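Below is one structure, written out as structure tokens, with a few remarks after it.
The values are calculated or read from the model by the stated rules, or taken from the named source; none is laboratory data. What you are looking at is a predicted structure, and each value in this text was computed from that prediction instead of being measured. Backbone-built Cβ (ideal geometry, glycine too); neighbour counts: all protein chains shown. Please note that ligands, DNA and RNA were not included when accessible areas were found on the heavy atoms of the full protein model with its side chains. Shrake-Rupley method; radii C 1.70, N 1.55, O 1.52, S 1.80 Å.
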Amino acid sequence: MKERNRKPRIGLLGLMTDGYEATFPGIMEKQKKYARSLAGMYPDEVEVIFQEIGANRESIEKITADYNAAGIDGILIVLLAYSQGAWLLKAMQNNRLPVAVAVLQTDDAVRPDFEEFELTINQGIHGAQDNCNILMRLGIPYQVYAGSRFSEEFHRFLVDFARACKARTALQHMRIGTMGRMQGMGDILTDEMQLFAKLGVEICHDDLGCVYSQMQALTDEEVKAVTAADREEFQIDPKLTEESHETAVREYLGFKKYLEAGAYDGFTAHFDMFGQDGRFRQLPLYAASKLMGEGYGYAAEGDIICAAMVRAAHELSGAPAGFTEMYMMDEGSASILFCHAGEGNYKMAERTKKPRLIDRYLGEGGLENPPTIMFVPRKGRATLVSLVSVTGDRFRLVVSKGEMLDKEDLKRCEMPYFFFRPDTGVKNCVQAWLKQGGTHHEVICLGDVAERWKMLCEMSGIEYTEV
């Protein structure tokens with residue numbers, strides 16, 4: 001996979017006119033040091049690259065072009081003093097990266113002893129107005145922050161913007177392997193070329209032979225290494241036989257090598273194909289769960305859109321994200337029960353609890369019992385999303401913010417599950433979800449990351465709605 005574990009990379013475009021240097025000798029060097037200090041504020045979360053000050057039209061265009069060529073995820077514009085908006089115009093016309101503008105100041109308060117020099121280095125606000133006016137008139141979407149660089153709000157804004165940019169980068173280079181699609185399932189259908197053109201997601205149609213051939217090339221040592229690691233990571237069901245466990249591992253490694261060979265970021269497969277194929281003994285529920293835990297995208301039944309969004313969610317949230325499905329409303333807990341056939345990202349589980357690897361019966365597919373990783377995601381804030389293919393190149397992201405409940409009382413449920421309480425209430429959430437065409441496959445993210453999804457939608461020309 002492509003750079004799964006790197007931090008987001010943001011290019012800092014610091015602007016000020018070079019005409020100030022004649023009036024205030026040394027001002028350019030002083031503001032360059034200030035820009036470097038901004039770039040180094042949150043190194044553990046965001047890699048901010050600062051090249052030089054954009055001091056005239058030529059340097060602004062060069063810096064912007066360099067950032068576009070360097071694999072940067074987005075550009076953060078900061079006014080280091082005043083800078084003419086017209087100097088930004090051609091640079092932005094040729095720019096392909098998401099843009100944000102932050103109105104920051106070297107001093108957060110006006111002191112009585114300020115002279116013209118201090119007022120000059122703090123007057124970025126009207127430069128921001130000039131430059132944002134140009135962005136608006138060009139029709140270029142941009143994010144905006146105004147306030148102290150030391151505030152938690154700026155910290156959150158920068159990380160949210162950076163994560164949304166990295167998710168967009170992931171989508172722009174994404175390849176999803178797909179094997180089959182459930183007949184008659186309407187809400188997973190889309191115009192694949194429009195998905196490719198709009199988001200950058202390339203759909204690659206394969207068949208199960210690509211996985212089976214990888215399985216045949218595995219060595220016993222490779223399989224046993226994974227089963228040994230599983231015994232450390234999971235509570236193993238005493239009923240789970242070594243043979244069944246190893247069969248699941250072979251499918252997992254077959255899919256993993258298939259993904260690596262094709263440089264794929266995720267996959268989706270329809271469960272009926274495995275029984276019809278005749279060479280598979282189990283449905284790959286274990287494989288899907290393991291691969292989501294490693295950061296791959298996944299969705300069931302040929303849902304290429306949801307598989308892509310699971311992959312994007314890993315990048316956007318910076319935490320494990322998973323594929324899921326609404327099952328039923330629970331009046332007693334004022335929540336919605338979510339689960340699916342047995343796939344889930346077990347890295348979302350409580351860190352203090354080992355997930356269980358169980359032997360369980362599953363009638364779908366008519367195959368042997370599929371080993372299944374059982375867990376309940378950790379409680380706390382969570383964000384649920386669904387990307388809807390409306391028509392042609394029109395897409396809509398339906399988003400619900402809420403709470404993952406500390407509730408795991410389904411003793412006879414042999415699928416990963418969780419109870420999610422929407423902030424808007426179950427009735428309002430479900431009704432609005434249906435009105436907006438939200439699909440029956442969803443992505444669940446830990447934490448409140450709705451603002452990041454909103455930024456990503458603005459960057460990508462996607463409708464955004466909260467329910």
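List of remarks:
- Filter result for H173 (out of contact with any helix residue (DSSP H, G or I) (no Cβ under 7 Å at 6 or more places or on another chain) and within 23 Å of A35 (Cα to Cα)): no
- Flag if A248 is at pLDDT 95 or above, touching a helix residue (DSSP H, G or I) at 6+ places or on another chain (Cβ under 6 Å) and open to solvent by 10 Å² or more (accessible area, probe 1.4 Å): no
- Leading residue by the ranking (farthest from A288 (Cα to Cα)) among those in region 312-370 that are among the charged types (D, E, K, R) and buried (at least 24 other Cβ atoms within 10 Å of the Cβ): E315
- Residue satisfying condition, being modelled with pLDDT of 95 or more, part of a strand (DSSP E or B) and open to solvent by 20 Å² or more (accessible area, probe 1.4 Å), within set R421, R452: R421
- Of all the numbered requirements in (1) among the charged types (D, E, K, R); (2) under 18 Å from G139 (Cβ atoms); (3) in a helix (DSSP H, G or I), E61 misses one, and that requirement is (2).
- Residues satisfying the stated conditions in region 252-280, i.e. outside any helix (DSSP H, G or I) and polar (S, T, N, Q): T268
- Among residues of region 275-294 that are on the phi < 0 side of the Ramachandran plot, those with a Cβ under 7 angstrom from a residue that is of a type in the set (S, T, N, Q), sequence gap 6+ or separate chain, pair up as R281/T247; Q282/T247; L285/T372; Y286/T372; S289/N345; M292/N345; G293/N345.
- Annotation: T219 fulfils all but one of (1) β-branched (V, I, T); (2) within 18 Å of the chain's Cα centre (by Cα); (3) surrounded by fewer than 19 Cβ atoms within 10 Å (Cβ to Cβ); the unmet one is (2).
- Any chance L405 is touching a Gly at 6+ places or on another chain (Cβ under 7 Å), open to solvent by 10 Å² or more (accessible area, probe 1.4 Å), closer than 28 Å to Q235 by Cα and not basic (K, R): no
- Region 43-65, residues that are in contact (Cβ under 8 Å) with a residue 40 or more places away in the chain and open to solvent by 40 Å² or more (accessible area, probe 1.4 Å): E45, E47, I49, Q51
- Matching entry among G147, G139 (being farther than 27 Å from T23 by Cα, surrounded by fewer than 19 Cβ atoms within 10 Å (Cβ to Cβ) and touching a Leu at 6+ places or on another chain (Cβ under 9 Å)): G147
- Within region 168-219, being part of a helix (DSSP H, G or I) and among the aliphatic types (A, V, I, L, M) holds for A170, L171, M193, L195, A197, L199, V211, M215.
- Some residue of region 96-109 being part of a helix (DSSP H, G or I), open to solvent by 70 Å² or more (accessible area, probe 1.4 Å) and under 16 Å from E458 (Cα atoms): no
- Close pairs (9 angstrom Cβ cut-off, 6 or more residues apart or separate chains): closer than 19 Å to V144 by Cα and of a type in the set (K, R) in region 444-459, open to solvent by 30 Å² or more (accessible area, probe 1.4 Å) and assigned to a helix (DSSP H, G or I) anywhere: R452/R163
- Leading residue by the ranking (farthest from G200 (Cα to Cα)) among those in region 117-142 that are touching a residue at least 60 places away in the same chain (Cβ under 8 Å) and out of contact with any strand residue (DSSP E or B) (no Cβ under 6 Å at 6 or more places or on another chain): F117
- T439 meets each of the listed conditions (1) free of Cβ contacts under 8 Å to residues at least 24 places away in the same chain; (2) part of a loop (DSSP other than H, G, I, E, B) apart from (1).
- Any hit, region 56-70, residues being closer than 30 Å to Y264 by Cα and touching a Lys or Arg at 6+ places or on another chain (Cβ under 6 Å): yes
- Filter result for D406 (of a type in the set (D, E) and in contact (Cβ under 8 Å) with a residue 40 or more places away in the chain): no
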